[in-house]
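Working notes, structure below.
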Amino acid sequence: MRSSFNAKAKRGSAVAEVDRGVVLSQPIGFASVSPLLLLLGIFFFGPMVALTFAIFAGGLQGSSGLFTEVLTNDLFQTVAFRTIRISLFVTIISVVVGYAMAYAMWRSPPSMRSIALALIMFPLFTSIVVRTYAWTAMFSRNGMINTLLLKAGLIDKSLSMLYTEPVVLIGMVQVMLPFAILPIYTTLLGLDLDLLRASAICGARERQTFAKVVLPLTKHGAGVASVLVFVISLGFFITPAILGGPQSAMISNMISTEVTTFYNLEGGAVMSVLLLIVTLCLLFVAGKIGSIAAHYRK
Amino acid sequence: MGETANIRRIRYLLIALVALYLIGPTLVVIWLSFSTDEVLRFPPHLFSWRWYEVFLFDERWNEAVRRSLLVGSLATFLATIIGSVAAFGTARTRLPGKQIVEIFAIAPLVVPPIILATGGYSLFAKLDMIGSNIGLAIMHTVLGVPYVYLIVSSALARTDPSIELAALSLGANRWRTIRDVSIPANLPAIITGALFAFLISFDEVVVTVFLSGSLAPTLPVRVFSSLSLAVSPVVAAVSTVQIIIAIVLMCLVGFLQRWQRRWAEAVAH
């Protein structure tokens, strides 16, 4: 008896919850989302279907041949490993520095917080091409860093720093850092401050509170941020193209070269599909971590 | 919470270093753009407007700007309308499968651009749309529409639908309710979404390179391709103009957010 009453009350509140937001009828709802679905159906999923067609045009046997050809290709293996390695480094650096930065902001007074937030948002508004160009101005042979090192007498002649992996890393971390800071900072803002007060009252120092309270409660947020940074890093094109050159090309650069220079659309399509599969799998993992995090918050 | 002045100093130092890393190189570009030198060097000989003059009066740079503005405004127009309408539809009707619409709308943000570039290339080759401004604008719409959808959706979640219901119950028809209540109450968010859609299009390189065909490059593509040749200070001037646009847009977005919040609060009272 009581349980059925509860169920009824629950259903009643659910209906009220839904009805509260309902302004227009269902057919209008369908009509309003259909342009979006049509646009994405044709011009977002369409390209992926076209890629699949390009691969399977030669029949099932031909397509499996394409996959083995790409997967056993030495250059592809080198570039694929390099892509994973660079993305891994970018993720580790971005999340560690991003966490420290988010924590520092969180422990700062509101005025400092908003200044720091504006400084983090600014790169998001600036073109990636412009920011990458700025790094070439820093690292080129007659760039700022070489000039400073020469003037300081630390080196005798200018070093060639461009087109090396560390410079690609520096450029990519700069792009990805806001993507690591912002979600971690949001997670920190969602922490219950009473827990921290309780920890302080119990005599914990800042370091102990951080290790025993803050970090365990925010590690899922940091986990989601890591997967996102890694996934976006895998698909980088502009930064490795400008700062890396052919020796530090990543998978997107190789796909581009295959298609535009060698007219090997099938090979490029196979690599694109592989990249897509990896991306989707990782996002699935991120979704899982995200739902675990949501579970913890409750 | 007791903390020493030392910890605070380390914290501020960290924030300063990260901020320097994030925006320092960009500020150096502004300095370089006023150089009088033929090639990039440090420290640059100052001061001249010559690279700005090259940017302003060179026909190829002008063409790139025109093409970016054309494609960008078309993409902004499409993305703003399609994204806002869909956000409104999911927020204000009882629609089954809202989550699916949401996943659809966000998907272009996380898929690597090169996939859209190669896939779009093979699709456009079949449709004979390579080298068409409209085709390119549509692809930019795909990339910009998630931002419009997310920004307008979150604004709609914060404004109370009871004002719209009140208008309906007072005898306004659906169209008038939308025109006189829903749109004004969420206008700042819609404009913010439009700004982001424009910024995305104005910054897009990868898809644009693949789909432009024989057309003149857009501004970011022209900057990108001139970087792989010789680094001339004119790129610094072009970049400075883009940085100023970014600063203006950022201030505008900050202002719009405050405006939207005030709307939401005014409605709540």
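Values quoted throughout were computed directly from the atomic coordinates according to the rules given, and no laboratory measurement underlies them. Values in this document were obtained by computation on a predicted structure and should not be read as measured data. Glycine gets a Cβ as well: all are built from the backbone with ideal geometry, and neighbour counts include every protein chain shown.
Laid out as a table, the results:
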item: For residues of B:8-18, the mean tally of beta carbons on other chains within 10 Å; result: 5
item: Assigned charges on the beta-carbon of Lys, Arg, Asp, Glu; segment B:1-91 dipole about Cα centre (debye); result: 380 debye
item: Residue (of A:105, A:128, A:217) at the positive-pole extreme of the protein assembly as shown, dipole from beta-carbon charges; result: A:217
item: Charge context of residue A:66, other residues only, Cβ under 15 angstrom, K/R +1, D/E -1; result: -3
item: Segment B:13-93: C-alpha gyration tensor shape, a/c 1.5 cut-off, then a/b vs b/c; result: oblate
item: Under 15 Å from the Cα of residue A:212 - aspartates and glutamates, other chains or at least 8 residues apart; result: A:192, A:194
item: Nearest-ten-degree value, helix B:233-268 long axis tilted from longest Cα axis of chain B; result: 20 degrees
item: Exercise: per-residue mean of other protein chain Cβ atoms within 10 Å, A:170-176; result: 2
item: Shielding by partners, peptide B:121-129 (average Cβ within 10 angstrom, other chains); result: 5
item: Rounded if a/c under 1.5, otherwise prolate or oblate - segment A:59-297, Cα gyration tensor axes; result: oblate
item: Most fluctuating residue given options B:171, B:120, B:131, as computed from a GNM of chain B linking Cα atoms under 10 Å; result: B:171
item: Separation between Cα centres of segment A:54-83 and segment B:165-241, rounded to whole Å; result: 36 Å
item: Cα gyration tensor category, rounded, prolate or oblate, for segment A:67-161 with a/c compared to 1.5; result: oblate
item: Peptide ranges B:24-36, B:51-63 listed from the most packed, as the mean C-beta count within 10 angstrom indicates; result: B:24-36, B:51-63
item: When segment A:105-196 is reduced to its Cα atoms, the Kirkwood hydrodynamic radius in Å; result: 15.9 Å
item: For chain A, size of Cβ-based charge dipole, Lys and Arg +1, Asp and Glu -1, in debye; result: 1340 debye
item: Positive-end residue, segment A:107-190 charge dipole about Cα centroid, Cβ charges, pick of A:158, A:119, A:179; result: A:119
item: Binned Cα-Cα distance frequencies in the protein assembly as shown - 20 Å width, integer %; result: 18, 51, 28, 3, 0
item: Dipole moment magnitude, nearest 20 debye, the protein assembly as shown about Cα centre, only Lys, Arg, Asp, Glu C-beta charged; result: 2040 debye
item: Dipole of segment B:126-214, positive end: most advanced residue of B:169, B:144, B:214 [Cβ charges, Cα centre]; result: B:169
